[in-house]
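Input: a single structure, listed below in structure tokens.
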Amino acid sequence: GDSVTQTEGQVTVSESKSLIINCTYSTTSIAYPNLFWYVRYPGEGLQLLLKVITAGQKGSSRGFEATYNKETTSFHLQKASVQESDSAVYYCALGDPSSGSWQLIFGSGTQLTVMP
Amino acid sequence: GPKVLQIPSHQIIDMGQMVTLNCDPVSNHLYFYWYKQILGQQMEFLVNFYNGKVMEKSKLFKDQFSVERPDGSYFTLKIQPTALEDSAVYFCASSWTGSDYTFGSGTRLLVI
């Protein structure tokens, strides 16, 4: 079946430094799946940060970017300059509605801590 | 923006008892979901509900689980009877289109 891998469980970055959170995926679908980044701030529900449904495209939101790379099957999340308010848990996810399913496959999440 | 509310936020229940988790979805959404996250593990899909019916379910959606949304009120997940391995955080989500979910903040269930 499909899977999503986030290798880092925790990342600590100093404020104003750059960030990359790794995400790779595996799919058995003949179509290219939709890829998502969700974020959970303390005490809140998951929020959609960005999504990309076309291979090769880049999504961006709130200064974060992720490029759908079908060659490396990756969807890494990047930000040039993080802020303390970016501290949260970030989840990479995959969805494949072409299979007739609306379910999402999630990675295990990466806890981002931004130090002042 | 619009929110999905989950009630209660925490629940402790004795093994073998019944528990109902409540979800108040976004008002005009048509698709409803439950996901389960055991501590330290990934969030996993349980069930998708649309037009009054279960549309798809995973192998985690055991016979002891049921969902309903009577008369457009809360979307509920009922577990009867509960087992120790049901201890997890349960997340409800709703969607207008099927994708682009709005998630709740979860109900932390502890079965003792």
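Just so it is clear, none of the values below were taken in a lab; they were calculated from the coordinates. Because the structure is predicted, anything quoted here is derived from the model rather than measured. A quick note on method: Cβ atoms are made from the backbone with ideal geometry, for glycine too, and the neighbour counts reach across all protein chains shown.
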Q: Evaluate region B:4-19: report whether one residue or more is crowded, with 18+ Cβ neighbours inside 10 Å, touching a Pro at 6+ places or on another chain (Cβ under 7 Å) and at the interface with chain A (Cβ under 9 Å from one of its Cβ atoms).
A: yes
Q: Identify the residue in region B:38-79 that is assigned to a strand (DSSP E or B) and of a type in the set (Lys, Arg) and, among all such residues, is surrounded by the fewest Cβ atoms within 10 Å (Cβ to Cβ).
A: B:Lys53
Q. Where in region A:26-116 are there strands (runs of 3 or more DSSP E), lying fully within it, with 3 or more residues that are more than 14 Å from chain B (Cβ to nearest Cβ) and not small (Gly, Ala, Ser)?
A. A:64-67, A:77-79, A:110-115
Q) So which residues in region A:68-104 are out of contact with any strand residue (DSSP E or B) (no Cβ under 9 Å at 6 or more places or on another chain), within 16 Å of A:Ala31 (Cβ to Cβ) and without any contact (Cβ under 8 Å) to a residue 60 or more places away in the chain? A) A:Lys70
Q) (1) more than 9 Å from every other protein chain (Cβ to nearest Cβ); (2) more than 14 Å from the chain's Cα centre (by Cα); (3) among the aliphatic types (A, V, I, L, M): which one isn't true of B:Ala88, the others all being true? A) (2)
Q: Those residues that are more than 23 Å from B:Trp34 (Cβ to Cβ) and acidic (Asp, Glu), I need them from region A:75-116; list them, please.
A: A:Glu84, A:Asp86
Q) Here are some conditions: (1) touching a Cys at 6+ places or on another chain (Cβ under 6 Å); (2) under 15 Å from A:Leu112 (Cβ atoms). A:Arg62 meets all but one. Which one does it not meet? A) (1)
**Q.** Search result, residues across region A:64-86 that are of a type in the set (Gly, Ala, Ser) and farther than 25 Å from A:Tyr32 by Cβ
**A.** A:Ala80, A:Ser81, A:Ser85
